[in-house]
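To start, the structure under review is shown below, and the notes come after it.
Taken together, the values in this text are just the output of simple stated rules run on the coordinates, not laboratory data. Computed from a prediction, not measured in an experiment: that's the story for all the values here. Glycine also receives a Cβ, built like all others from the backbone with ideal geometry; neighbour counts cover every protein chain displayed.
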Amino acid sequence: MAPEKPTKSKTAKSAPKTVSDFTILPLTLPILSGLPESCRASKHYLYVKPHAPSIPTATDERSLFIANVPIDATESNLRALFTDQLGGSKVERVEFDAPIPAQPMHKRWKTDKPGKQDGEQRGKKRKRNEEALVAEGVVEDQDSALPSTWPGELHRSGSGAVVIFVDKRSARGAYKEIYRAVKDNKTTHWKPGDAVLGIERYRTHTTLTYPTPTSLQSSLNAYLTQFNTLESLRNKHRKHARSVPDEDGFVTVTRGGRAGPARIEDAEKKKEELDARKKKNAVKDDFYRFQNREKRKEAELGLRRRFEEDRRRVEKMREGRGRLRPES
């Protein structure tokens with residue numbers, strides 16, 4: 001029996017350094033407990049390029065776009081990454097995609113802006129009330145929100161971020177350091193953030209799923225207090241909307257009984273203003289060229305018609321003068 005030929009060991013292919021406009025920066029992830037030996041030297045790849053959005057902004061020249069950020073990435077993590085390992089560039093701020101879970105959206109109450117005749121203190125107070133006023137519910141804060149059941153926020157896999165530096169020079173220097181680190185195969189370590197990962201995250205989640213009755217009661221009391229305050233403000237706005245017509249002269253139909261009849265004078269005044277605005281913005285008779293041509297033709301025909309009538313009238317007068325009348 002012929003001896004078997006030794007099989008060649010397959011060597012792992014090296015990861016690409018660039019793809020499209022992105023420079024691929026490999027990160028060495030920290031070791032987590034519970035992972036097998038084959039996963040101890042795990043890599044995470046960042047895709048970095050100069051930020052060039054479809055709608056330009058004032059900070060594009062000093063920004064870098066990063067795709068596939070780690071799920072536990074925070075502003076402090078990325079700031080430390082550029083400061084300690086990528087040339088020491090100063091980061092102004094970092095803008096991430098929506099975290100998990102996403103922030104709730106609230107429908108704002110449509111109100112008039114405070115006029116200039118109000119005092120500065122009154123304007124500031126009204127502005128604060130309008131920012132806090134929503135159409136329904138409460139904008140929960142740290143006191144009124146229910147206790148979180150997850151230790152820290154995470155990002156979706158493959159999400160992106162925009163790193164904005166203090167100036168254009170820092171952004172260019174950071175991108176050059178990334179390119180140099182990729183070219184020289186420099187090892188870049190990723191420092192974990194405050195978010196708990198691995199099996200400890202789920203252990204903490206199990207513990208946080210059952211909060212104490214004291215913390216729940218405190219959150220409920222704070223929520224109901226804020227809800228009652230905002231509900232009284234919303235009732236005032238509804239009462240105002242029922243008694244004052246809007247800019248088109250209509251009175252808003254809102255929930256609840258009417259506190260008083262709307263002022264007819266204000267409604268009629270708004271209606272007159274609306275009619276005047278419509279009349280002003282309406283299409284006039286001489287707006288188009290063909291309308292001007294037709295007007296000139298009608299004026300010319302009118303002149304000719306009056307000229308013919310005058311000519312016939314003059315001829316009749318001449319004929320009447322030339323006749324001899326017999327003496328009676």
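Taking amide H positions as placed in the peptide plane 1.01 Å from N, state which residues far from Trp150 in sequence (5 or more) or on other chains have amide H under 5 Å from it.
When sequence neighbours closer than 5 places are left aside, there are no close amide H contacts.
How far apart, in nanometres, would the label points at Leu208 and Ala58 be if each is projected 7 angstrom from Cα along the Cα-to-Cβ direction?
Calculated label separation equals 3.7 nm.
Summing Lys, Arg as +1 and Asp, Glu as -1, what charge do residues with Cβ under 15 Å from the Cβ of Pro147 carry, Pro147 excluded?
Numbers: positive: none; negative: Glu140, Asp141, Asp143, Glu153.
Summing Lys/Arg as +1 and Asp/Glu as -1 gives -4.
Across the range 186-193, in residue order, what do the Karplus-derived ³J(HN,Hα) couplings come to in whole Hz, using 6.51 cos²θ - 1.76 cosθ + 1.60 with θ = phi - 60° and x for Gly and Pro?
With coefficients 6.51, -1.76 and 1.60, one gets 6, 7, 10, 9, 9, 8, x, x Hz.
Report ³J(HN,Hα) in whole Hz for each residue of the range 70-79, in order, from the Karplus equation J = 6.51 cos²θ - 1.76 cosθ + 1.60 where θ = phi - 60°; Gly and Pro get x.
In residue order, the calculated couplings are x, 5, 9, 5, 10, 5, 5, 4, 5, 4 Hz.
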